Amino acid sequence: MCGIAGILHRDGRPASAIALKRMTDAIAHRGPDGEGSFVEGPLALGHRRLAIIDLSPAGHQPMATDDGRYVFTYNGEVYNFNELRIELEAKGYCFHSRTDSEVVLKALVEWGRDALKRFNGMFAFALWDKREQTLLLARDRYGIKPLYYASVGNVCVFGSEIKALLASNELTAGMNKQALQEYLTFQNFFTDQTLFDGVHLLPAGSSALVSRESISIERYWDYDFTEPEGSIDEAELIEELDRLFQQAVSRQLVSDVDVGAYLSGGIDSGSVTAIAAKELPYIKSFTCGFDLNSASGVELGYDERAIAEYMSYMFKTEHYEMVLKAGDMERVMPRLAWHIEEPRVGQSYPNFYAAQLASKFVKVVLSGTGGDELFGGYPWRYYRAVVNDNFESYIDKYYGFWQRLIPNKLMPDVLGPIWNDVSHVNTRDIFRGVFASHSASLTRPEDYINHSLYFEAKTFLHGLLVVEDKLSMAHSLETRVPFLDNDLVDFAMKLPARLKLGNLGDVVRLNENEPGSKTAKYFQKTKDGKLILRKAMERHIPRKIADAEKQGFSAPDASWFKGESIDYVRKKLYRGHPRIFEFLNKNTVHTLVNEHLEGRENRRLLIWSLLSLEKMLESFEF
């Protein structure tokens, strides 16, 4: 797990070692254990190392093949590297280290781009071919590891974080106004755009070949939630799910440093920790809770420390926890904004603190991310759009639901100062564009459920992964996600929707800003969501936890924003000259925020996003 960066002058001009050093220095937090560079002709490759497997100098990067033709800088972990190494050794390849990096390099030499389909893990890398003068950039199937790039004239710069690209001095920070509209609609990005003008995020499951003539992007893998035909045996599927899950966790325990686990009160992190604890006695576990003295309503159930402590007792982990209070958000915002660069999905500062806690004790931590998206953990979302006339009707319903921040009717007012620059953008087309293809015949609720699972894996899960990477690497911590093991994902995608959800066809109007109430509507009826996963995990975690309602990892910000944090909200959004109002209509925004501060609406997601955008503009001097 590391940080990478590089420069390629596509016109053949020599690359600058000084510029490369600035780029790798900007992401030094990703790799405090070493740094390396390769500068030759038009290319410069840089690397910051966080040593996890083979801590010796043999793992130094950039890494070159014995004949010197290929040079490689790599970030990630490929967990099936030993199997690939055996296969490559049978073909005559020799190895000089025990690293997965060297295996990935030589697999690429042997199989070219086809090697990408063989890798089971998380990665982002750059491979330079001296003979062909081409640069291959690639990213793992699910987008666990980020890779940004920008093409400025004849120069291509890339890196694990945007700040590395800015440090090259080939581009400056400027607001991508179209991406801002995309973010304010979805609280996420469904395209490859970022809020930084000219900077793109290489799509998950894709590679890019950079040559003198062009930059060509090719997708090598995509999700496919398609139910098999014929009868099934649920008992056999439960057994196979259990086997694959245990195998996935076991695979991701490979390490030459200490491994820990996040442990909330939920089924996903609890199951991961339960399996890991069987192989690593007294594994360290970590939980963040919340001070609820000023919380109210459904937020009174947000603190899961008691359940986590109970599971720690059950699994015999060495357990550590911390309590977040109102005020912790504003204290961390400067650091958070610098590391996260651009906000995605929901509030993320609790994750920053969780990573900070874990990093004090381990260099690798296991996370339960991915369980919801694979096994149907958000029933209140899917049921929004399961009865439709056709695919376009489905798109309209689901698109309406995913306008998480600003609905279309308000967007011209909110984006008043820049509306002439973005009025041509059709966010419904952006939403629909997530579906590269769709089934020609959509007749059952299950068909639409599977399209929703596809959509959320491609967008919401991807946003979670990008955030999780940056917040863990801010503390030089590697986060691993066993649910995103290739074999487990392939299996989960083929499971019938009725084994994941028990209330198909029900449509209820729910408020995305109120997780407590919306989950209760379904769990009271059917204990809905992740049904087969619950049944498989009952043999590993207490049944009352396997059957419990879903609870997201969220602070009681709805209460804090209109209570103990109200002065901070007013300071950042009302006083002085907030930078966001160069792009947004101040009066319209204040009207929306006031509705929350006065207790008339819950706009916690919008307020968090506005605060994050303001701090981003300050941090990167747009």
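The values are calculated or read from the model by the stated rules, or taken from the named source; none is laboratory data. Values in this document were obtained by computation on a predicted structure and should not be read as measured data. Reconstructed Cβ throughout: ideal geometry from the backbone, glycine too, with neighbour counts over all protein chains shown. The accessibility values were calculated without ligands, DNA or RNA, using every heavy atom of the protein model including side chains. Shrake-Rupley method; radii C 1.70, N 1.55, O 1.52, S 1.80 Å.
For residues in region 59-96 being small (Gly, Ala, Ser) and over 24 Å from Val365 (Cα atoms), which is most open to solvent (accessible area, probe 1.4 Å)?
Taking the candidates together, the pick is Ala90.
Taking Glu218, is it more than 29 Å from Gln356 (Cα to Cα) and assigned to a helix (DSSP H, G or I)?
Here the answer is no, as Glu218 does not meet what is asked.
Which of the residues that make up region 138-191 are open to solvent by 10 Å² or more (accessible area, probe 1.4 Å), more than 30 Å from Pro482 (Cβ to Cβ) and assigned to a loop (DSSP other than H, G, I, E, B)?
Residues satisfying the conditions are Gly153, Asn154, Asn169, Glu170, Leu171, Thr172, Ala173, Gly174, Asn176.
Identify, by number, the condition in (1) open to solvent by 40 Å² or more (accessible area, probe 1.4 Å); (2) among the hydrophobic types (A, V, I, L, M, F, W, C); (3) touching a residue at least 60 places away in the same chain (Cβ under 8 Å) that Trp419 doesn't meet.
Result: Trp419 fails condition (3) only.
Before we move on, is Thr226 part of a loop (DSSP other than H, G, I, E, B), under 30 Å from Val425 (Cβ atoms) and either touching a Ser or Thr at 6+ places or on another chain (Cβ under 6 Å) or hydroxyl-bearing (Ser, Thr, Tyr) (or both)?
no
Is at least one residue of region 42-53 part of a loop (DSSP other than H, G, I, E, B), at pLDDT 95 or above and of a type in the set (Val, Ile, Thr)?
No, region 42-53 has no match at all.
Do we have Ala204 as at pLDDT 95 or above and surrounded by 14 or more Cβ atoms within 10 Å (Cβ to Cβ) here?
So Ala204 passes the test.
Note down all Cβ pairs under 9 Å where the first residue falls in region 359-370 and is modelled with pLDDT of 95 or more, the second is open to solvent by less than 10 Å² (accessible area, probe 1.4 Å) and of a type in the set (Phe, Trp, Tyr), and they're at least six residues apart or on different chains.
If the second residue must be open to solvent by less than 10 Å² (accessible area, probe 1.4 Å) and of a type in the set (Phe, Trp, Tyr), the pairs left are Phe361/Phe286; Val362/Phe286; Val365/Phe286; Ser367/Phe483; Gly368/Phe483; Thr369/Phe483; Gly370/Tyr142; Gly370/Phe483.
Please specify each residue of region 409-443 satisfying the condition of being assigned to a loop (DSSP other than H, G, I, E, B) and among the hydrophobic types (A, V, I, L, M, F, W, C).
Leu415, Val425, Val434, Phe435, Ala436, Ala440, Leu442
So which residues in region 213-232 are over 30 Å from Gly12 (Cα atoms), open to solvent by less than 70 Å² (accessible area, probe 1.4 Å) and without any contact (Cβ under 8 Å) to a residue 60 or more places away in the chain?
Once the filter is applied, which keeps residues that are over 30 Å from Gly12 (Cα atoms), open to solvent by less than 70 Å² (accessible area, probe 1.4 Å) and without any contact (Cβ under 8 Å) to a residue 60 or more places away in the chain, region 213-232 yields only Gly230.
Could you list all residues from region 54-65 that are over 18 Å from Lys21 (Cβ atoms), part of a loop (DSSP other than H, G, I, E, B) and at pLDDT below 95?
Asp54, Leu55, Ser56
Pick out the one residue from Lys409, Lys458 that is without any contact (Cβ under 8 Å) to a residue 24 or more places away in the chain and either open to solvent by 30 Å² or more (accessible area, probe 1.4 Å) or over 20 Å from the mean Cα position of the chain (by Cα) (or both).
Lys409
Just checking, which of Leu147, Leu202, Leu137, Leu166 is of a type in the set (A, V, I, L, M) and in contact with a helix residue (DSSP H, G or I) (Cβ under 8 Å, 6 or more places away or on another chain)?
From the options Leu147, Leu202, Leu137, Leu166, the qualifying one is Leu166.
Please go through region 5-20 and pick out each residue that is over 15 Å from Asn169 (Cβ atoms), assigned to a loop (DSSP other than H, G, I, E, B) and hydrophobic (A, V, I, L, M, F, W, C).
none
Is it the case that Ala5 is within 15 Å of Gly159 (Cβ to Cβ), small (Gly, Ala, Ser) and open to solvent by less than 30 Å² (accessible area, probe 1.4 Å)?
yes
Residue by residue through region 571-590, note down the ones that are in a loop (DSSP other than H, G, I, E, B) and in contact with a Gly (Cβ under 8 Å, 6 or more places away or on another chain).
Scanning region 571-590 gives Leu584, Asn585.
Can we say Glu621 is in a loop (DSSP other than H, G, I, E, B), modelled with pLDDT under 90, open to solvent by 20 Å² or more (accessible area, probe 1.4 Å) and over 21 Å from Ser348 (Cβ atoms)?
Yes; evaluated as a whole, the condition is true for this residue.
If we keep just the residues of region 379-400 that are open to solvent by 20 Å² or more (accessible area, probe 1.4 Å) and not in a helix (DSSP H, G or I), which is nearest to Phe435 (Cα to Cα)?
Ranking the candidates gives Asn390 first.
From Glu549, Glu614, Glu601, grab the single residue that is open to solvent by 30 Å² or more (accessible area, probe 1.4 Å) and either free of Cβ contacts under 8 Å to residues at least 24 places away in the same chain or under 22 Å from Gly416 (Cα atoms) (or both).
Selected residue: Glu601, the only one of Glu549, Glu614, Glu601 that is open to solvent by 30 Å² or more (accessible area, probe 1.4 Å) and either free of Cβ contacts under 8 Å to residues at least 24 places away in the same chain or under 22 Å from Gly416 (Cα atoms) (or both).
Search region 560-570 for residues being open to solvent by 10 Å² or more (accessible area, probe 1.4 Å) and either modelled with pLDDT of 95 or more or outside any loop (DSSP other than H, G, I, E, B) (or both), and hand back the single one that is farthest from Glu598 (Cα to Cα).
Ranking the qualifying residues of region 560-570, first place goes to Tyr568.
Among the residues of region 253-275, which ones are crowded, with 24+ Cβ neighbours inside 10 Å, under 18 Å from Ser359 (Cα atoms) and of a type outside the set (Ser, Thr, Tyr)?
The answer is Gly260, Ala261, Leu263.
Within region 248-265, identify whether any single residue is charged (D, E, K, R) and assigned to a loop (DSSP other than H, G, I, E, B), and answer yes or no.
yes
Could you check how many residues of region 25-46 are within 22 Å of the chain's Cα centre (by Cα) and open to solvent by less than 20 Å² (accessible area, probe 1.4 Å)?
Within region 25-46, residues that are within 22 Å of the chain's Cα centre (by Cα) and open to solvent by less than 20 Å² (accessible area, probe 1.4 Å) number 3.
The rows are residues; the columns are (1) within 25 Å of the chain's Cα centre (by Cα); (2) assigned to a helix (DSSP H, G or I); (3) within 30 Å of Ser271 (Cβ to Cβ); (4) modelled with pLDDT under 95.
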{"position": "Ser554", "(1), (2), (3), (4)": "yes, no, yes, yes"}
{"position": "Ala558", "(1), (2), (3), (4)": "yes, yes, yes, yes"}
{"position": "His596", "(1), (2), (3), (4)": "no, yes, no, yes"}
{"position": "Met616", "(1), (2), (3), (4)": "yes, yes, no, no"}
